Each structure stands twice: as C-alpha cells, then as structure tokens.
Amino acid sequence: MLHRRVESACDKRQSTTRCAFMQRILAIGGGGFMMEETSSPIDKHLVTLTGKARPRICFLATPSGDLPDHLEKFHMAYGNLGCETSHLAFFRQPDSRSMLVSDFPIRLLEQDVIYVGGGNTKSALAVWREWGLDSVLRTAWERGVLLAGMSAGAMCWFDAGLTDSFWGAAHRPLDCLGLLPGGCAVHYGSDPKRRRTLHAAQQAGSIPPTIAIDDFAAVLYMHTSVESVFSWRAGSAAYRVHRERETVFETALPVNRIG
C-alpha cells in the first residue's frame, strides 16, 4: 500500500521561506479529559500552548457519534480551564454551546484550538469528507489553528493510522487526512496486540514509518516535524517505528515530563 501526503501550498515554499503561520498539531496517545477522572496535565498544557488567557476551543466528537457524555466532559474540563468552549456535532441537534453545521467553514477558522475526540477513525473520516470538513481542517491548520486530539483524534492527522475501526477485526492501517507524514499508532504500551500488529505492518510495507504513542503521552508537531514529546505518567513515551531492509526498529524519543 502506497501512502501519499497531499502537499499544501505552504509545504511547497517551506524550503525557501518560513510559512506565515505556525502550524501545530498535538497528538495524544491516550489520556486527558476523556480518560482521566481528575484534571489532566495534558489538557492544562494544551491551553498553555495557545498563549492566550481565554482561548477558543471547539470539540469534534464525530469519532464517537457525538456521544453526549463526551461533549459534557469536554465542556466541563476546558470550561474549568478558562476556555471559551464550543462543539460541532453531526449526529445531534444543535444547542446553545454548538456551532451550526452551516457555519463551521467560517467559525472553525476563528478558533484557537480544534480538538478531536476518540472513537471510530474510519467513520469520522467518512463523515468529514462527506461534509467537506476535511478541507476546512487543512485550511485551519495552514492558518495557524492548533489542532489536537486523543486516540482517533491523534491518528486522523497523519497519512495513515493503525486502527481498530473495523469492529471485530484485527487492527489494520487506514488512510487518514495526510496533514502529517507517516503513520500513527495510539494506546501503544497498553495493548501488546498493537505493537505486534504495527511491527507486522512495517514488515509488510502496508504502513509508512510510524510514530507510536503510549497512553499518558503526547507528541507536538511543528509544521510536519516532531517538536516535543510530553509525558505525565512514569514509563509513558513515544517511539519511531520503521523498517530498514528486513528489520523493524523501534526508537524511543526524548520525553519532557509535565504535571
């Protein structure tokens, strides 16, 4: 399987001049408000990354089918952190906290952060492509909106993800949005099957070189390169996994502890 990342206008000129906007993506392997009972260091750190006292943050819970519980957890977590919160739902009637589906091409570009939750990556991508959200997310990224997400919300930004979206089947590679080069695997240290499957996919050449992220770890990308790895639990990390000839290599990346 050949994975190609769609090149943006900004990519084409990065070799000669820096883009006017700071393009950042925070990929969280697992954790944050969706998995932790108390306020998570990664949620606080995400707010800090905006550099604003009251950042605007919109939640996309599409991978979960816009579960009400996920929406409530988001608004509580980031509202308590002083953010101006909103969400975009394709499976629920709008309420006072949501942006209208008809307005999202404009309103998403006004956000400081767009955060994607966990769930079924394949289904979320299909919905986004049907509504044209995939192109709006690319434009938001190119214009400096900080993109973030956990689990499915981390994988979706890459060329490919190692996903369990095919319910009842084994983990397998999935073509994603292609903002970031290579593959992504999440919940890496908590599920031994993911590691075995990723190594087998590398051997088969069915997924490109991959960033694998443990629960309670996150990788910050600046433009299309790894800027930092954050961890808020002992032993959690992120890894580069790639094949050279017939051997799969897994290399731990330097970690910055937060929290």
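Give me the residue from segment 42-64 that is surrounded by fewer than 21 Cβ atoms within 10 Å (Cβ to Cβ) and more than 17 Å from the chain's Cα centre (by Cα) and, out of that set, nearest to residue 127 (Cα to Cα).
56
Scanning segment 198-216 for residues that are surrounded by fewer than 17 Cβ atoms within 10 Å (Cβ to Cβ) and closer than 15 Å to residue 159 by Cα, which turns out nearest to the chain's Cα centre (by Cα)?
Of everything passing the filter in segment 198-216, 209 is nearest to the chain's Cα centre (by Cα).
Of the residues 186, 219, only one is in contact with a helix residue (DSSP H, G or I) (Cβ under 7 Å, 6 or more places away or on another chain) and among the aliphatic types (A, V, I, L, M); which?
So the residue among 186, 219 that is in contact with a helix residue (DSSP H, G or I) (Cβ under 7 Å, 6 or more places away or on another chain) and among the aliphatic types (A, V, I, L, M) is 186.
Take segment 121-141 and flag every residue that is small (Gly, Ala, Ser), surrounded by fewer than 20 Cβ atoms within 10 Å (Cβ to Cβ) and under 14 Å from the mean Cα position of the chain (by Cα).
none
If I filter segment 200-259 down to residues being among the acidic types (Asp, Glu) and assigned to a strand (DSSP E or B), which single residue comes out as modelled with the lowest pLDDT?
244
Only one of 226, 219, 241, 186 is among the β-branched types (Val, Ile, Thr), farther than 26 Å from residue 114 by Cα and either surrounded by fewer than 22 Cβ atoms within 10 Å (Cβ to Cβ) or in contact (Cβ under 8 Å) with a residue 24 or more places away in the chain (or both); which?
Matching residue, one of 226, 219, 241, 186: 241.
The values are calculated or read from the model by the stated rules, or taken from the named source; none is laboratory data. Because the structure is a prediction, the values reported are computed rather than measured. Backbone-built Cβ (ideal geometry, glycine too); neighbour counts: all protein chains shown.
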